[in-house]
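To start, the structure itself, in structure tokens.
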Number of protein chains: 2
Amino acid sequence: MNKDFVLSIDVGGTNTAFGLVDKTGYCIAKDSLRTNSGKTAEELFTHLFMQFSNTLKEFKKDHHLVGVGIGAPNANYYTGEVKAPPNLTWHDVNLVQLLSQFVDVPVVITNDANAAALGEMHFGAAKNMKHFIEITLGTGLGSGIVVDGKVVYGQDGFAGELGHVTAIFDGRICGCGRKGCLEAYASATGIVKTAVEMMDTINGDSELLHIDKEKLESRDVFVAAQNGDQLALEIFEKTGEILGRTLANSVVHTSPEAFIFFGGMAQAGDLILDPVRRHLEKNVMKVFKGKTKVLPSGLPGTDAAILGAAALIWNELDS
Amino acid sequence: MNKDFVLSIDVGGTNTAFGLVDKTGYCIAKDSLRTNSGKTAEELFTHLFMQFSNTLKEFKKDHHLVGVGIGAPNANYYTGEVKAPPNLTWHDVNLVQLLSQFVDVPVVITNDANAAALGEMHFGAAKNMKHFIEITLGTGLGSGIVVDGKVVYGQDGFAGELGHVTAIFDGRICGCGRKGCLEAYASATGIVKTAVEMMDTINGDSELLHIDKEKLESRDVFVAAQNGDQLALEIFEKTGEILGRTLANSVVHTSPEAFIFFGGMAQAGDLILDPVRRHLEKNVMKVFKGKTKVLPSGLPGTDAAILGAAALIWNELDS
């Protein structure tokens, strides 16, 4: 029996989840706290280690803590820094340095999409793949590109920002300041914008028309589509079309075996994945036709984020 | 003194160049023959080894042939095959198998753009780079993507086809059957099409207007631009704009240190590279601004193709 385990931490906009995970992806113990329970990163991690101290102490009796993996927004694998994290009250901080106050084992960080990609490769839908692209569909669109079994970090650690390829020339203003970014269409925020636009031009009825536009959420579009609402289905079709034809441009970059969809909005399943499949296939260069799968994440919903950060550190310890 | 050398072969649409190259990139001997001097690949290589047999024999007296590297259109690194090569009279052929009739050392093949990327990394402008993208601008647009010091081949060996990302939605028909591909604008063929379009709408004079449209070549646009012809300069500006803003989408994939431009049309130098620089910088996501260089190839013109295929096999022998 292997007695090594890692501490895995996923810093989300709302909750920070953490757990003890062995090499097979078995989560021995887990817990979470509100990310804003600490105004600074130092406060948050102080709270986390206080809250988890008894569990850690107990497990250390007959197990070995061998490393810590952290997934966090805007986290840089090379430098250990988190810079200007959106939706957090933190300033810039070097998490690897900070964690050395709490543990004396290797600490590795990366952004949530890269962590998800590694989780997928070790424990999920990409177990036998060397080349794939993880797409995280939530409030925004993140991505982790895997080439030859390794996450692509590029010259500065920021590679794999497919939310910010141009999907529509001169299109919607994106949060990043550019125009027409993929994220401005294919994300929870983007699908709501598309819904509002299409509600203005619809002939006939839709259950979405009975919801206040200001309060419309991506979940409403999902529920309506599940009910067979024609407008909602067309909104998913439109979103999948933009996503599929834009990802056709990513195929010619790294020729991945699959796009794997993770995150809140990916839980719409085939409602979004089917149009992505069709429009990817229709638009991709001939030599790649029929080669690239479009798959849902294979990570179990409840432990998914923890498994990503766990894979990150296990991967590092193995290499 | 190192007495090892490789045989390097570049199969071009018109000429096939070959040479003996040592590990430092020094070309001991070289020669070439017309690619169509053999109707099949077997005939071509029979002629090549006959033509080169005396030189090879002479060098083998006090040198060791340790490998063969071949750059060829549509060549697949994984399988050793060349499939449906454009502009050649060949059928599908496995070059690695074929070459075993002539030599008893390792043989590696890849396409010309990947070979150029490897040449750049070993002997040219990318000597100290781990992450860059080689763009070959000739009749078409090819590319070789390097991540962590390795060429990206993807699941099937066909990764790095940036000539076939969508540059203009619903744009020009491309040779590949898709619409609006980058290659349909940024290539010798593409720039001529742009010239013809712009000649139709120009106010004022241009030396290009005195050339028969049917006979116009990219070289004419280059010469006119060098003479300061306003229309020709605008054609380069337009081409560089499309190229620069489209490559901004490649930056978010692999975050390269540089795009390095190789091939006939790249010899226009800053006439094409300056607008590429400006429009890349203008369109790239904020976190990447000021980080990605746009450089001309550092490979010496006369030996460039040979050095690419030489780097391919040296790289393989070293790994």
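The values are calculated or read from the model by the stated rules, or taken from the named source; none is laboratory data. Since the structure is predicted, the reported quantities are computational estimates derived from the model, not experimental observations. Here Cβ is always computed from backbone atoms with ideal geometry, including for glycine, and neighbour counts include all displayed protein chains. The protein model used for the area step is the full one, side chains on, heavy atoms only, and it has no ligands, DNA or RNA in it. Shrake-Rupley method; radii C 1.70, N 1.55, O 1.52, S 1.80 Å.
Details
- Residues of the stretch B:1-21 classified as outside any strand (DSSP E or B) and at pLDDT 95 or above, total: 0
- Number of positions in the stretch B:32-77 that are farther than 21 Å from B:Asn94 by Cβ and open to solvent by 60 Å² or more (accessible area, probe 1.4 Å): 10
- For the stretch B:262-319, the tally of residues that are charged (D, E, K, R), without any contact (Cβ under 8 Å) to a residue 60 or more places away in the chain and either crowded, with 18+ Cβ neighbours inside 10 Å or part of a helix (DSSP H, G or I) (or both) stands at 8.
- From the options A:Glu214, A:Glu241, residue that is open to solvent by 40 Å² or more (accessible area, probe 1.4 Å), out of contact with any Cys (no Cβ under 9 Å at 6 or more places or on another chain), within 21 Å of B:Asn249 (Cβ to Cβ) and among the acidic types (Asp, Glu): A:Glu241
- Residue pairs whose Cβ atoms lie under 6 Å apart, separated by 6 or more positions or on different chains, with the first residue in the stretch A:188-200 and without any contact (Cβ under 8 Å) to a residue 24 or more places away in the chain and the second surrounded by fewer than 19 Cβ atoms within 10 Å (Cβ to Cβ), are A:Val196/A:Lys213.
- Here B:Cys176 meets the list (1) surrounded by 19 or more Cβ atoms within 10 Å (Cβ to Cβ); (2) touching a His at 6+ places or on another chain (Cβ under 9 Å) almost entirely, failing just condition (1).
- For the stretch A:135-162, the candidate set comprises residues that are small (Gly, Ala, Ser) and under 19 Å from A:Ala304 (Cβ atoms); within that set, the residue that is farthest from the other protein chains (Cβ to nearest Cβ) is A:Gly138.
- From the options B:Ala29, B:Ala126, residue that is among the aliphatic types (A, V, I, L, M), within 30 Å of B:Pro296 (Cβ to Cβ) and within 18 Å of the chain's Cα centre (by Cα): B:Ala126
Residue-by-condition table, conditions (1) outside the structural domain of B:Val105 (by TED's automatic domain parsing); (2) touching a Ser or Thr at 6+ places or on another chain (Cβ under 8 Å); (3) touching a residue at least 60 places away in the same chain (Cβ under 8 Å):
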{"site": "B:Thr35", "(1), (2), (3)": "no, yes, no"}
{"site": "B:Met50", "(1), (2), (3)": "no, no, no"}
{"site": "B:Ser53", "(1), (2), (3)": "no, no, no"}
{"site": "B:Lys60", "(1), (2), (3)": "no, no, no"}
{"site": "B:His63", "(1), (2), (3)": "no, no, yes"}
{"site": "B:Tyr77", "(1), (2), (3)": "no, yes, yes"}
{"site": "B:Glu81", "(1), (2), (3)": "no, no, no"}
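- Residue count for the stretch B:163-185 under the criterion of being of a type in the set (A, V, I, L, M) and at the interface with another protein chain (Cβ under 7 Å from one of its Cβ atoms): the result is 1.
- A single entry from B:Ala125, B:Ala188 fulfils the requirement of being surrounded by fewer than 24 Cβ atoms within 10 Å (Cβ to Cβ), more than 9 Å from chain A (Cβ to nearest Cβ) and closer than 30 Å to B:Tyr26 by Cα: B:Ala125.
- Residue satisfying condition, being away from chain B (no Cβ under 14 Å), of a type outside the set (Phe, Trp, Tyr) and touching a strand residue (DSSP E or B) at 6+ places or on another chain (Cβ under 9 Å), within set A:Ala309, A:Ala258, A:Ala225: A:Ala309
- Selection within the stretch A:64-90 - of a type in the set (A, V, I, L, M), farther than 16 Å from A:Leu44 by Cβ and part of a loop (DSSP other than H, G, I, E, B): A:Ala84
- Flag if B:Asn128 is modelled with pLDDT of 95 or more and of a type in the set (S, T, N, Q): no
Results for (1) closer than 30 Å to B:Val146 by Cα; (2) at pLDDT below 95; (3) assigned to a loop (DSSP other than H, G, I, E, B); (4) of a type in the set (Ser, Thr, Tyr), shown as yes or no for each residue.
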position: A:Phe222; (1), (2), (3), (4): no, no, no, no
position: A:Ala225; (1), (2), (3), (4): no, no, no, no
position: A:Gly228; (1), (2), (3), (4): no, no, yes, no
position: A:Leu233; (1), (2), (3), (4): no, no, no, no
position: A:Lys238; (1), (2), (3), (4): no, no, no, no
position: A:Thr246; (1), (2), (3), (4): yes, no, no, yes
position: A:Asn249; (1), (2), (3), (4): yes, no, no, no
position: A:His253; (1), (2), (3), (4): yes, no, no, no
position: A:Pro256; (1), (2), (3), (4): yes, no, yes, no
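- Breaking point among (1) of a type in the set (Phe, Trp, Tyr); (2) within 22 Å of A:Asp156 (Cβ to Cβ); (3) out of contact with any Asp or Glu (no Cβ under 8 Å at 6 or more places or on another chain); (4) open to solvent by 50 Å² or more (accessible area, probe 1.4 Å), for A:Trp90: (4)
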